[in-house]
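Colleague: Please read through the structure below; I'll follow up with questions.
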Amino acid sequence: MTKESHPLDKRIIKLMQEKRGLLKKEAKAVLKQEVYRLNPDEIQKVKLYSEHFGLNSQQQLLSEILDLRREALISQLSI
């Protein structure tokens, strides 16, 4: 069973291939590093948020963080 990718992830990978000349595998690795990897402070913040507001709020916060990172990466690649 494979994880379904976000539509913006496909766009980011395509931009990285066109702008940076990366292979698809390399672009996916960069995407994973720059979008999906959370630093310890962010992990702690998400855990505290879920303790106070519940798991649905935790998922919503994670989605917002990832969306902001995707948009930032797209704007960086579009320049």
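None of the figures in this text is laboratory data; all of them are computed from the coordinates on show. Keep in mind that this is a model prediction, so the values were computed, not measured. Note: ideal-geometry Cβ built from the backbone for every residue, glycine included; neighbour counts use all protein chains shown.
Colleague: In the structure shown, do any of Lys3/Lys25; Lys10/Lys47; Lys25/Lys47; Lys3/Lys28 have a Cα-Cα gap over 20 Å, and if so which? All intermediate terms of the calculation are to be shown ahead of the outcome.
Modeller: Details: Lys3/Lys25 16 Å; Lys10/Lys47 29 Å; Lys25/Lys47 31 Å; Lys3/Lys28 13 Å.
Those over the limit are Lys10/Lys47; Lys25/Lys47.
Colleague: Could you tell me the largest-minus-smallest coordinate of the C-alpha atoms of the chain on each of the three principal axes, in descending order and whole angstroms?
Modeller: Taking the Cα atoms of the chain, the three principal extents are 44, 32, 19 Å.
Colleague: Most fluctuating residue of Leu48, Leu22, Leu62 in a GNM of the chain with Cα springs under 10 Å: which is it?
Modeller: Leu48
Colleague: Under a GNM of the chain (C-alpha, springs under 10 Å), which listed residue has the highest mean-square fluctuation: Lys28, Lys14, Lys47?
Modeller: Sorting by GNM fluctuation, first place goes to Lys47.
Colleague: Using Cα atoms only, what is the angle between the long axis of helix 55-78 and the major principal axis of the chain, expressed in degrees (0 to 90) to the nearest 10?
Modeller: 20
Colleague: If you don't mind, there's one more thing I want to ask. If the elastic network links every pair of Cα atoms under 10 Å, which of Glu42, Glu51, Glu18 fluctuates the most in the Gaussian network model of the chain?
Modeller: Glu51
Colleague: What is the calculated FRET efficiency for Leu55 to His6, with r their C-beta to C-beta distance and R₀ = 22 Å, to the nearest 0.05? Don't skip to the answer; put the middle values down first.
Modeller: Working: r = 20 Å, r/R0 = 0.91.
For Leu55 and His6, the calculated efficiency is 0.65.
Colleague: Can you compute the charge dipole magnitude of the chain about its Cα centre, using +1 on each Lys and Arg Cβ and -1 on each Asp and Glu Cβ, nothing else charged? Give it in debye, rounded to the nearest 20.
Modeller: Here the size comes out at about 460 debye.
Colleague: Between Ser63 and Lys25, what is the FRET efficiency for a Förster distance of 22 Å, r being their Cβ-Cβ separation, to the nearest 0.05?
Modeller: 0.30
Colleague: Using a basic spin-label model with each label point 7 Å from the Cα along Cα→Cβ, how many nm lie between Leu48 and Tyr36?
Modeller: It works out to 2.7 nm between the two label points.
Colleague: Relative contact order, percent, of the chain when contacts are C-alpha pairs under 8 Å separated by at least 6 residues?
Modeller: Over the chain, the number comes to 36 percent.
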